[in-house]
Amino acid sequence: MKNIKIVTLTACIALMLSLMLFSSCSDDANTSDSAGPPVIESVMPSGYTKDGSVLPLTPVTKGDPKSYYIIHGKGLLTTEKVYFNDYDTYFRPTFITDTDIVILIDENTPYSNSSNKLKVVTSYGTVLYDFVTAPPPPTFNWFNSINAATGDIVTIDGKYFLNPIVTVGTQQATVVSSTLTEIKFKMPANSADKLVTVSNITGTAASSLAVGAALYDDVVQGDAGHWTWDGSPFITDYAVDKAQGNAAIKLVFGGWSGADMKFNSRNVSKYKAFRVKIKSVSANPDAKLTFVFGGWAYTVQKSINTSWTTIEIPFSAIGNPTTFDQLTFQESGNFGGNTILMDEMGFVLK
């Protein structure tokens, strides 16, 4: 069953104004062709903004899901069905005249391996029109390995990767393979400190971390020593839930116990913040974790919950360090301990 779209009163008024404005300017506005076969002459954005003001009506050959368009032509008054890429699309009969249909492209309209056709069926015939229904802008979830070297095959996870273009900084990378939800590409040379972006015909999305900015992305980056205060080292666990890649750090804390991680010293002058994705196994609303920097010179306490949450701590809040070689955590929920998962740990570029 089709989902009937609820249109606000303001949107309805704006759409009807657009429709009436265009119909009044049409050479065919006073001519009825409803008894003949339908004709599509153009498709245009609906011509209104959120505040109801009218925009110029310019024909387009590509449309975006969840946006309104005006189908302009002749013989449209008896429209029975409208299809974008063979997807049966809901329309309001009150949004139809003999020359125009105002319609919302449904967000579930297929865009991969599709016909790239608009089809209108009326009581007197059917018309096909070349029209591309584009995917939504890409969604960039993560890439792995974040610290990939030149020539490494890197995986990007996300959505809407239709004919994707991958860029590292300003350099286009070679795409080895792609599906709608995953891309594998070869890391180009001179990619350190560059963001990874993915583009489709609708838009572009970028990674949150730059190449080389990771402390952990399935493995601890660098020569890190690590231990917990109660004697149990943390583990990289491939079985647990993870925010990116194939594994996450699993820390099993006793009440008010902690973990300490030592790294090779890194120059962090090009970064503005520490960042990590974190998840609490306990559903206790008081679950907290204290982040310790500079040998207890600075502490930042954060509440955590049972969904993956991104925590970003500006360097301005921890003394603006120029080097980074140690990170300490303390379980601070005051309810007898917790198991905590961490992933995609690293630094944010300035």
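Values for this structure:
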| quantity | calculated |
| --- | --- |
| Cα-Cα over 29 Å, subset of Lys262/Lys302; Lys117/Lys242; Lys270/Lys302 | Lys117/Lys242 |
| Accessible area per residue, Å², segment 184-329 with all protein chains present, probe 1.4 Å | 44 |
| Ranked packing of 287-297, 315-325, most packed first, by mean Cβ within 10 Å | 287-297, 315-325 |
| Protein-only accessible surface order, largest first, of Leu162, Leu128, Leu195 at 1.4 Å | Leu128, Leu195, Leu162 |
| √(5λ) per eigenvalue of the Cα gyration tensor, segment 85-225, largest first, Å | 43, 14, 11 |
| Positive minus negative residues near Pro137 (Lys, Arg vs Asp, Glu; Cβ under 15 Å) | +1 |
| J(HN,Hα) series, segment 253-270, from Karplus relation 6.51 cos²θ - 1.76 cosθ + 1.60, nearest Hz, glycine and proline x | 9, x, x, 6, 7, x, 9, 10, 10, 10, 10, 4, 4, 10, 6, 10, 5, 8 |
| Segment 131-264 - percent of accessible surface contributed by carbon and sulfur, probe 1.4 Å | 52 |
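The values are calculated or read from the model by the stated rules, or taken from the named source; none is laboratory data. Please read these numbers as outputs of a predicted model, since none were measured by experiment. Don't worry about glycine lacking a Cβ; one is built from the backbone with ideal geometry, like all the others, and counts go over all protein chains shown. Remember, those area values only see protein heavy atoms, side chains included, never the ligands or the DNA or RNA. Shrake-Rupley method; radii C 1.70, N 1.55, O 1.52, S 1.80 Å.
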